[in-house]
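Report on one structure; see the data block that follows.
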Amino acid sequence: MAKGRQREVPKISDGVPVTKPNERMGLDIISVKVPNNIMATITEPHWRIILDEKTGMKFSDFYKTKNQMVEATAERFYSWKANGIPVTYLRMDNAGENKALQARVNSVDWKLNINVEYTAQNTPQENSLAESGFRTLYCNGRAMAFAAHLPVKVRFTLVKEYMTCATMLNWLQVIEIDGITKTRYEHWYPKGSLLRFANSLRTWGESGIVKVKKKGESKLQPMGIPCMFVGYSMKDVWRMWNPTTNRIITSRDVKWQHHMFYPSTTPGIRESNDLVVREGDNVMGGGVIM
């Protein structure tokens, strides 16, 4: 009893080897908690990730409650099946919401016939697909939030935005699978073309003026408001956060300010257009003269 310990579990994916995208997916859900000393609210704190074993393609979604992910996940799996990339095996733990998901996807309403592979209790190694996906995304998203100089409260308020943006940027990573080199998304969905937002990439946290003036308003009213870039839509538009209303505006009418929305608070650092420089450096022609 005194020497009881957890048995070593290799971090490999056992089971039937996969040969095509979506054949085996890993699914997990975690809760993002706000420390007691920070006055911030996360409206959708439950982060669910789905990761494809063959291509490493990741999908992030946030929900108010864990059970809300059941129907939304079933709809996503159904749309994938309709597009010729059905899910065959689904690996996850045996939490209550996951058991509800198994019952739902294999019900008479959806008829997806997915084989569920439950993992053992307190053994995240058996679902290393989703676990490694979480680590990759929250490291990337956290770096984006710090690079944008977000205040602590805003960092928690916008966690959904920068984690979702990090997920979409991961789709554009160029990888090699079976001797073929192309983006992760193109490996996962060969029938599709390069995503439209890939032609309109911006720096996360950048400041932009979003057009809001409508017809009939006074000509002396502001034609736009300063907002912060927080992500992409699947269409050719940007997601802009309005700090005054704490709402997201999706718009293509943005005049970029070429600097971050929140200035750096690090002593001796200032911003000049697209360039972050140290005080004392000479800025000339967009370059730094050391």
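Given the criterion among the hydroxyl-bearing types (Ser, Thr, Tyr) and surrounded by 15 or more Cβ atoms within 10 Å (Cβ to Cβ), identify the matching residue among THR65, THR55, THR19.
That would be THR55, the only listed residue that is among the hydroxyl-bearing types (Ser, Thr, Tyr) and surrounded by 15 or more Cβ atoms within 10 Å (Cβ to Cβ).
Is it the case that some residue within the stretch 146-154 is in contact with a helix residue (DSSP H, G or I) (Cβ under 6 Å, 6 or more places away or on another chain) and on the phi < 0 side of the Ramachandran plot?
no
When the stretch 57-76 is examined, which residues are found to be out of contact with any helix residue (DSSP H, G or I) (no Cβ under 6 Å at 6 or more places or on another chain) and either within 17 Å of ARG184 (Cα to Cα) or among the aromatic types (Phe, Trp, Tyr) (or both)?
Selection gives PHE59 alone.
Among the residues of the stretch 29-52, which ones are surrounded by 19 or more Cβ atoms within 10 Å (Cβ to Cβ) and either under 14 Å from the mean Cα position of the chain (by Cα) or not assigned by TED's automatic domain parsing to the domain that holds PRO124 (or both)?
ILE29, PRO45, HIS46, TRP47, ARG48, ILE49, ILE50, LEU51 - these are the residues of the stretch 29-52 that are surrounded by 19 or more Cβ atoms within 10 Å (Cβ to Cβ) and either under 14 Å from the mean Cα position of the chain (by Cα) or not assigned by TED's automatic domain parsing to the domain that holds PRO124 (or both).
Can you list the strands (runs of 3 or more DSSP E) found entirely within the stretch 148-230 that contain at least 2 residues being in the same structural domain as SER31 (by TED's automatic domain parsing)?
Hits in the stretch 148-230: 174-177, 180-183.
Filter the stretch 88-139 down to the residues that are out of contact with any helix residue (DSSP H, G or I) (no Cβ under 9 Å at 6 or more places or on another chain) and assigned to a strand (DSSP E or B), then identify the one that is nearest to GLU53 (Cα to Cα).
The residue in question is TYR89.
Across the stretch 98-132, which residue is modelled with the highest pLDDT among those that are surrounded by 12 or more Cβ atoms within 10 Å (Cβ to Cβ) and of a type in the set (Ser, Thr, Tyr)?
That would be TYR118.
For the stretch 244-261, which positions are at pLDDT 95 or above and assigned to a loop (DSSP other than H, G, I, E, B)?
PHE261
Before we move on, is VAL18 more than 27 Å from VAL159 (Cβ to Cβ) and modelled with pLDDT under 95?
So VAL18 fits the description; yes.
With respect to the numbered conditions (1) at pLDDT 95 or above; (2) closer than 24 Å to GLU161 by Cα, which one is the sole condition not fulfilled by ARG135?
Only one criterion in (1) at pLDDT 95 or above; (2) closer than 24 Å to GLU161 by Cα is unmet by ARG135, namely (1).
The values are calculated or read from the model by the stated rules, or taken from the named source; none is laboratory data. In this text the structure is predicted, and so the values were computed from the model without any measurement. Here the Cβ is made from the backbone with ideal geometry for all residues, glycine too, and neighbour counts use every protein chain on show.
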